[in-house]
Amino acid sequence: MRGPTSRLFGFADPLPPGMDPSVLLGGKAAGLAVMARDLGLPVPPGFVATTAVCLEYLADGWPAGLDSELRERLDWLGHQTGRVFGDPVNPLLVSVRSGAPVSMPGMMDTLLNVGMTPAIRERLAEQSGDAEFAADTWLRFNRMYAEIVLNAPRDEIAGIAIHDGTAQGILATAERLRAAARAFGGIPEDPFEQLKGAISTVFASWECDRALTFRQREKIPAGLGTAATVQAMVFGNLDDRSGTGVAFTRDPSTGERKPTGDYLARAQGEDVVAGTHRVHGLDALRVQLPEVAAELFGVMERLERHYRDMCDIEFTVSAGKLYLLQTRIGRRSPLAAVRIAVDMAEDPAFPLTTAEAAARVGEETI
């Protein structure tokens, strides 16, 4: 494995001296590194293609030599997980997420279940004992790849992706979708080509219309770029002890010291944020998996104390095990900003200075 001069970094790898982690790794991966390395929280292992690689890609296309570095990192990730990327017997799937140095919520693209093939789909069905889970994961991959990487019309793909919920029906839908995707270049059979396509698309999304509009409005420099974070997949759609959610450590509207958020059982992350499913509050997690809910609330306390601020997080529960996928300082209303600053300044667990408490009131609000 290459050292710190590599273009790809694991969450625990040392960075160049004096380098701001968020600038090189993006805010998402910098937060993952804090949770995994510094706090020992349950974060799926992964690595980051840096913002510098993004800028290199935008200037000159796919960087020379990056293929070999990616293969080295995939081997490393396989050692971390006990699985092999592209292997039909013991498969490893990954997510590819964007992460700019500054918060750009909803502006960039994410792909899940990268590395899927028909043989791997059948293996997932064998390993899980659930053909519908495997078929659902296969369909999700194909739909996201067609929409995000191939830029197929989302309305057209959404119309094709309707199915009856049975494994047979889902598989038939996936084949219709793959056939339609051929008009836009087709979905690669090779898992490594899928990964390259996903990373390329994340990098290119730095210059997509909605990102350009957001950067102009927020006066974000064009020269920052975005990182691409590659992580081992965990499956919120696996079984009845699985799900996914987003949460704030405090109420972002009022500042009340009470965790709040959205949760959806037996789902993957895009189901919560896309507005396509009816989500529930965190009480649904308390009912479904009370021990996981208790662990999550304990994680929230640790994150608040580490950052000395209100945080928001993304999480997945897979077969009853909690995984953290993101943390960042949460946006809040002006009222919440005042209440949180005062509450933390008066709480011995949050040793804020007077200047810090005053500055907190003036932070970015929702």
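The values are calculated or read from the model by the stated rules, or taken from the named source; none is laboratory data. Model, not experiment: these values are computed from the prediction. So basically every Cβ, Gly included, is an ideal-geometry build from the backbone, and we count neighbours across all protein chains shown. All accessible areas refer to the heavy atoms of the entire protein, side chains included, with ligands and DNA or RNA removed. Shrake-Rupley method; radii C 1.70, N 1.55, O 1.52, S 1.80 Å.
Quick notes
- Which listed residue is touching a residue at least 60 places away in the same chain (Cβ under 8 Å), open to solvent by less than 70 Å² (accessible area, probe 1.4 Å), within 27 Å of V230 (Cα to Cα) and small (G, A, S), from G320, G255: G320
- Listed by position, the helices (runs of 4 or more DSSP H) contained in the range 96-208 that have at least 1 residues being farther than 30 Å from S22 by Cα and touching a residue at least 12 places away in the same chain (Cβ under 8 Å) are 118-128, 131-144, 154-160, 167-181.
- The lone exception for L285 - which of (1) part of a helix (DSSP H, G or I); (2) open to solvent by 60 Å² or more (accessible area, probe 1.4 Å) it fails: (2)
- Taking the conditions (1) open to solvent by 20 Å² or more (accessible area, probe 1.4 Å); (2) out of contact with any Pro (no Cβ under 6 Å at 6 or more places or on another chain); (3) modelled with pLDDT of 95 or more; (4) within 30 Å of P290 (Cα to Cα) in turn, K196 satisfies each one other than (4).
- Residues of the range 339-352 classified as touching a residue at least 40 places away in the same chain (Cβ under 8 Å) and surrounded by 15 or more Cβ atoms within 10 Å (Cβ to Cβ), total: 5
- Summed over the range 72-128, the residues that are modelled with pLDDT under 95, small (G, A, S) and either open to solvent by less than 20 Å² (accessible area, probe 1.4 Å) or over 18 Å from the mean Cα position of the chain (by Cα) (or both) give a count of 3.
- Residue check, T260 among the hydroxyl-bearing types (S, T, Y) and open to solvent by 20 Å² or more (accessible area, probe 1.4 Å): yes
- The number of residues in the range 33-61 that are open to solvent by 30 Å² or more (accessible area, probe 1.4 Å), among the small types (G, A, S) and in contact with a Leu (Cβ under 8 Å, 6 or more places away or on another chain) comes to 1.
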